[in-house]
There are 2 protein chains.
Amino acid sequence: MSCSPDRGANLARAIEGIREAAKLGARIICLQELFGSVYFCQEENVDWFDAAEPIPGATTEALAAVARECEAVVIGSIFEKRAPGLYHNSAAVLDADGSLLGVYRKMHIPDDPLYYEKYYFTPGDLGFQAFDTRYGRIGVLICWDQWYPEAARLTALKGAEILFYPTAIGWHPAEKAQYGPTQIDSWRTIQRSHAIANGVFVAAPNRVGIERPLTDSPNRPANYQGIEFWGGSFVCDPSGAILSEASRDREEVLVVECDLNRVDETRRNWPFLRDRRIDAYEGLQARYLGAAR
Amino acid sequence: MSCSPDRGANLARAIEGIREAAKLGARIICLQELFGSVYFCQEENVDWFDAAEPIPGATTEALAAVARECEAVVIGSIFEKRAPGLYHNSAAVLDADGSLLGVYRKMHIPDDPLYYEKYYFTPGDLGFQAFDTRYGRIGVLICWDQWYPEAARLTALKGAEILFYPTAIGWHPAEKAQYGPTQIDSWRTIQRSHAIANGVFVAAPNRVGIERPLTDSPNRPANYQGIEFWGGSFVCDPSGAILSEASRDREEVLVVECDLNRVDETRRNWPFLRDRRIDAYEGLQARYLGAAR
């Protein structure tokens, strides 16, 4: 999905897409990261905090209604206002009866040119979770989390059999020719690897379209041209094989059948969970274990 | 490299390959897993323990001599006899002056039809390490370890800038047509993902050739046809891009230039180490965190 500055239109468009997906048989439906607005983290602008809302709130209520109507689980990524001065990049999980099953708050927060998320989002404090939905036990992680094997592993250890990664990632247009293909391949590869390492399905919905922020920011790089979100949403199976993949530049509703029996079947044949050396993983809680250099 | 039942011939062939690699400019040279023998773990046969040897021992002395001669670091995977009844699947790191820099003992031990490693190898107790060689700080992990993001992460946190994975993996010939391409793609993908997640180079030398064990074993599956080792040795850069890849069925000496400045450069642009949530990773030391099902 692409987004416009009109937030009401984005929500309406998302609901339309949810209905279309449900009509095509979808049972668990995930929107891309921060689907309600343009990707405002391109700039540090204090006014954007006005776009945040509580959970539950207007957006989760709208999503709950369509979830109930379609009898589908809906995962919606929301700029959450938790308290004055305390904001999160969160995802709400609405069960197929419209009930708010839970919330995941993005744990790993990026900060790179045009992705100034540390300015807006307090790191999550709800940890890594799995949610027992009507149609399966799922996990939700958000965008930058997708680069962390620890996040995928912990969510799978909680019992999740599908990992969803609502995402907003794209190219700096000036870099696209040189680095674009490698960047998207790294992005696919790291997420496919989570499927392989954990024997789970992975679903990554990303946004499409070129976006520039509406206001000026002193933080912008000199060669600022906005972000071209690279789409390429995909679902892969527990062997990491891509089952279906969307285009780089068009909105699409991707409906993919995931046979959850494949999880146990895959893990029986590739029993990675059996052999983890949990007696030797303490160092994963360290920042670094080597000498300074 | 492929192996024959003649262990002396395998060692001679390995030394010949090391000399050839060094002549082509190689500075750090890694042999495939258990290069000194056929892959005996296809059967559980007590006589194979006679093939184990101490470290240091005859094989590490031979590798040390060629390392000194070529002024190259040599990584050799060895069936290690540590004490009566205590054997490991190990890798010795010989520095470019021939000194024994250290030993890694395989931490994750597989056990699957035709890969009966738990019978032979005691799980390693030296943990995950990095070795300061003359030509760079490297890590060594062995085969099954390659499926564990924890192993790669811990080795990178120790400071390793290249991860070496001596490997012996192949197809069950009866499964190759149906599962072969997916299996090799999973194998490449998971290792490329370690490069991406950690911003390091990854080098995976695998064996080639079809091998059957020399004796009969009651453990063999009925449709036993041996293992066809799938080669495909490769080196990838810190973005996971494959720099060079060997064939599936021929012996090859792969010499690949790795500019270690790429490690810091990649990590500056993809600063994953900066944002790890070390306060939230304690669960990685658990076997499972969900409800039984």
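For the stretch B:249-267, does any single residue satisfy the condition of being part of a strand (DSSP E or B), over 25 Å from B:Ile29 (Cβ atoms), open to solvent by 30 Å² or more (accessible area, probe 1.4 Å) and touching a helix residue (DSSP H, G or I) at 6+ places or on another chain (Cβ under 9 Å)?
no
Among (1) assigned to a strand (DSSP E or B); (2) modelled with pLDDT under 95, which single condition is A:Ala91 missing?
The number of the failed condition is (2).
Take the stretch B:122-139 and flag every residue that is of a type in the set (A, V, I, L, M, F, W, C) and out of contact with any helix residue (DSSP H, G or I) (no Cβ under 8 Å at 6 or more places or on another chain).
B:Leu126, B:Phe131, B:Ile138 - these are the residues of the stretch B:122-139 that are of a type in the set (A, V, I, L, M, F, W, C) and out of contact with any helix residue (DSSP H, G or I) (no Cβ under 8 Å at 6 or more places or on another chain).
Looking at the stretch A:155-185, which of the residues that are open to solvent by less than 10 Å² (accessible area, probe 1.4 Å) and more than 16 Å from the chain's Cα centre (by Cα) is modelled with the lowest pLDDT?
A:Gly180
Give the stretch A:136-145 a look and list any residue that's buried (at least 22 other Cβ atoms within 10 Å of the Cβ) and more than 10 Å from chain B (Cβ to nearest Cβ), or say none.
A:Ile138, A:Gly139, A:Val140, A:Leu141, A:Ile142, A:Cys143
Six or more apart or on different chains, Cβ under 8 Å: which pairs go from a residue in the stretch B:109-135 that's facing another protein chain (nearest Cβ under 8 Å) to one that's buried (at least 20 other Cβ atoms within 10 Å of the Cβ) and polar (S, T, N, Q)? Could you list them?
Close Cβ pairs satisfying both conditions: B:Ile109/B:Asn89; B:Phe128/B:Thr155; B:Ala130/B:Thr155.
Only one of these conditions is not met by B:Gly209: (1) open to solvent by 10 Å² or more (accessible area, probe 1.4 Å); (2) assigned to a loop (DSSP other than H, G, I, E, B). Which number is it?
Single failed check for B:Gly209: (2).
Has the stretch B:57-77 got at least one residue that is under 20 Å from B:Gly232 (Cα atoms) and of a type outside the set (A, V, I, L, M, F, W, C)?
yes
Do we have any residue at all in the stretch B:19-27 that's touching a residue at least 12 places away in the same chain (Cβ under 8 Å), under 30 Å from B:Pro113 (Cβ atoms) and among the aliphatic types (A, V, I, L, M)?
no
Please state which of the following conditions B:Thr189 fails to meet, knowing it meets all the rest: (1) assigned to a helix (DSSP H, G or I); (2) closer than 26 Å to B:Glu43 by Cα; (3) among the β-branched types (Val, Ile, Thr).
Looking at each condition in turn, B:Thr189 falls short on (2).
Within the stretch A:252-293, how many residues turn out to be more than 7 Å from chain B (Cβ to nearest Cβ), in contact (Cβ under 8 Å) with a residue 12 or more places away in the chain and aliphatic (A, V, I, L, M)?
Total satisfying the criteria: 7.
Could you count how many residues in the stretch B:158-186 are more than 20 Å from B:Val256 (Cα to Cα), in contact (Cβ under 8 Å) with a residue 12 or more places away in the chain and facing chain A (nearest Cβ under 9 Å)?
Counting residues in the stretch B:158-186 that are more than 20 Å from B:Val256 (Cα to Cα), in contact (Cβ under 8 Å) with a residue 12 or more places away in the chain and facing chain A (nearest Cβ under 9 Å) gives 3.
Could you grab me the full set of residues in the stretch A:71-106 that are open to solvent by 30 Å² or more (accessible area, probe 1.4 Å) and either without any contact (Cβ under 8 Å) to a residue 24 or more places away in the chain or out of contact with any Phe, Trp or Tyr (no Cβ under 7 Å at 6 or more places or on another chain) (or both)?
Across the stretch A:71-106, the qualifying residues are A:Glu71, A:Arg82, A:Ala83, A:Pro84, A:Gly85, A:Leu86, A:Asp97, A:Ser99, A:Leu100.
What's the number of the only condition in (1) open to solvent by less than 10 Å² (accessible area, probe 1.4 Å); (2) among the hydrophobic types (A, V, I, L, M, F, W, C); (3) more than 14 Å from every other protein chain (Cβ to nearest Cβ) that A:Ala152 fails to meet?
(3)
I'm trying to understand the selection: among the residues of the stretch B:94-147, which are in a helix (DSSP H, G or I) and in contact with a Cys (Cβ under 8 Å, 6 or more places away or on another chain)?
Answer for the stretch B:94-147, where residues must be in a helix (DSSP H, G or I) and in contact with a Cys (Cβ under 8 Å, 6 or more places away or on another chain): B:Glu117, B:Tyr119, B:Tyr120.
The values are calculated or read from the model by the stated rules, or taken from the named source; none is laboratory data. Small disclaimer: the values here were computed from a predicted structure and weren't measured. Using ideal geometry, Cβ is built from the backbone for each residue, glycine included, and neighbour counts are taken over all protein chains shown. Please note that ligands, DNA and RNA were not included when accessible areas were found on the heavy atoms of the full protein model with its side chains. Shrake-Rupley method; radii C 1.70, N 1.55, O 1.52, S 1.80 Å.
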